[in-house]
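**Student:** Dumping the structure here so I can ask a few things about it.
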């Protein structure tokens, strides 16, 4: 016997008989329905007032829902640990994902290194969306990623920014950062913040890291670097192209050509400890869908290489 039919038949085996039938396009069967005395009399009244078939369907549907005879899909909320540079784009992408799937997203935004450390310490999360490959590789080596879920989603570029009201020509080249007019340079902390890692790597390649080291003010994430330059607390900063496009309070003084700059990519992966890996996978897939990629493009992100 079909297991669902059997569960429904046995569920009504304890009460007084009342003939009923259930019909659908796929199954057809009859079974005795027994009800406690008070409910039984009420049912007879309902049957007199209602179309008999409708009553039977309502009764059967109620039992199936409460018995668990058919699994019920439930909406979930998943936690996404994401790089701070993704903040604006993710806020626009999230509603579309919720509308399409019914699932909601909760974001923990910050420096990718700090987020990876939290994951390693056991802070609950479902997806890690990093601004560099290094931190994701660390988690993968530690067995903290769900196998086969790591994907490269986006790319970005490195730029030098100055306050919007800074004199024209200020920091027009990397070498200009060594001039006396540039007193403080905001950078991400290289050990924990990908934008800092990229900036240090690129400045070092041009033999500028050591000459500029005394001017550098280290920040916790890419958005903190941007905020320091916006507020005039730094004369220049190295940020992602997308950060520079998010505000009118700074301008790009020097754009690093993609062919010359560091390779900046954004991978995402489902975490091994996720309680809803199915939803987490769906979100990672959603990030590569045309609708999400169009939002990223509007914010200045580049396609994944």
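**Student:** Answer yes or no as to whether residue 238 is assigned to a helix (DSSP H, G or I), touching a helix residue (DSSP H, G or I) at 6+ places or on another chain (Cβ under 7 Å) and either within 22 Å of residue 129 (Cα to Cα) or not assigned by TED's automatic domain parsing to the domain that holds residue 132 (or both).
**Tutor:** no
**Student:** Let me ask something else. Mind telling me which of the residues 108, 156 ends up being surrounded by fewer than 21 Cβ atoms within 10 Å (Cβ to Cβ) and modelled with pLDDT of 95 or more?
**Tutor:** Unique residue meeting the criteria: 108.
**Student:** Regarding residue 305, is this residue under 25 Å from residue 151 (Cα atoms), at pLDDT below 95 and touching a strand residue (DSSP E or B) at 6+ places or on another chain (Cβ under 8 Å)?
**Tutor:** yes
Residue-by-condition table, conditions (1) surrounded by 14 or more Cβ atoms within 10 Å (Cβ to Cβ); (2) at pLDDT 95 or above; (3) closer than 20 Å to residue 280 by Cβ; (4) under 15 Å from the mean Cα position of the chain (by Cα):
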{"residue": "31", "(1), (2), (3), (4)": "yes, no, no, no"}
{"residue": "35", "(1), (2), (3), (4)": "yes, no, no, no"}
{"residue": "41", "(1), (2), (3), (4)": "no, no, no, no"}
{"residue": "58", "(1), (2), (3), (4)": "no, no, no, no"}
{"residue": "82", "(1), (2), (3), (4)": "yes, yes, yes, yes"}
{"residue": "104", "(1), (2), (3), (4)": "yes, yes, yes, yes"}
{"residue": "112", "(1), (2), (3), (4)": "yes, yes, yes, yes"}
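**Student:** Could you name every one of the strands (runs of 3 or more DSSP E) located completely within the range 112-204 that has at least 3 residues being under 14 Å from residue 82 (Cα atoms) and in contact with a strand residue (DSSP E or B) (Cβ under 6 Å, 6 or more places away or on another chain)?
**Tutor:** In the range 112-204, 127-129, 151-156 are the strands (runs of 3 or more DSSP E) which contain 3 or more residues that are under 14 Å from residue 82 (Cα atoms) and in contact with a strand residue (DSSP E or B) (Cβ under 6 Å, 6 or more places away or on another chain).
One line per residue, one yes/no per condition, for (1) in a strand (DSSP E or B); (2) modelled with pLDDT of 95 or more; (3) over 23 Å from residue 189 (Cβ atoms); (4) more than 16 Å from the chain's Cα centre (by Cα):
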{"residue": "225", "(1), (2), (3), (4)": "no, yes, no, yes"}
{"residue": "228", "(1), (2), (3), (4)": "no, yes, no, yes"}
{"residue": "234", "(1), (2), (3), (4)": "no, yes, no, yes"}
{"residue": "247", "(1), (2), (3), (4)": "no, yes, no, yes"}
{"residue": "252", "(1), (2), (3), (4)": "yes, yes, no, yes"}
{"residue": "281", "(1), (2), (3), (4)": "no, yes, yes, no"}
{"residue": "286", "(1), (2), (3), (4)": "no, yes, yes, no"}
{"residue": "295", "(1), (2), (3), (4)": "no, yes, yes, no"}
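**Student:** Restricting the first residue to the range 164-180 and requiring it to be within 18 Å of residue 231 (Cβ to Cβ) and assigned by TED's automatic domain parsing to the domain that holds residue 247, which pairs with a second residue that is part of a loop (DSSP other than H, G, I, E, B) and modelled with pLDDT of 95 or more meet a Cβ separation below 6 Å and a spacing of at least six or different chains?
**Tutor:** Listed pairs, sorted by first residue: 164/249.
**Student:** Restrict the check to the range 92-99 and report whether at least one residue is under 17 Å from residue 274 (Cβ atoms) and either in contact (Cβ under 8 Å) with a residue 60 or more places away in the chain or in a loop (DSSP other than H, G, I, E, B) (or both).
**Tutor:** Scanning the range 92-99 turns up at least one residue that is under 17 Å from residue 274 (Cβ atoms) and either in contact (Cβ under 8 Å) with a residue 60 or more places away in the chain or in a loop (DSSP other than H, G, I, E, B) (or both).
The values are calculated or read from the model by the stated rules, or taken from the named source; none is laboratory data. A quick note: this is a predicted structure, and the numbers were derived from the prediction, not measured. With ideal geometry, Cβ positions are generated from the backbone for all residues, glycine too; neighbour counts draw on all protein chains shown.
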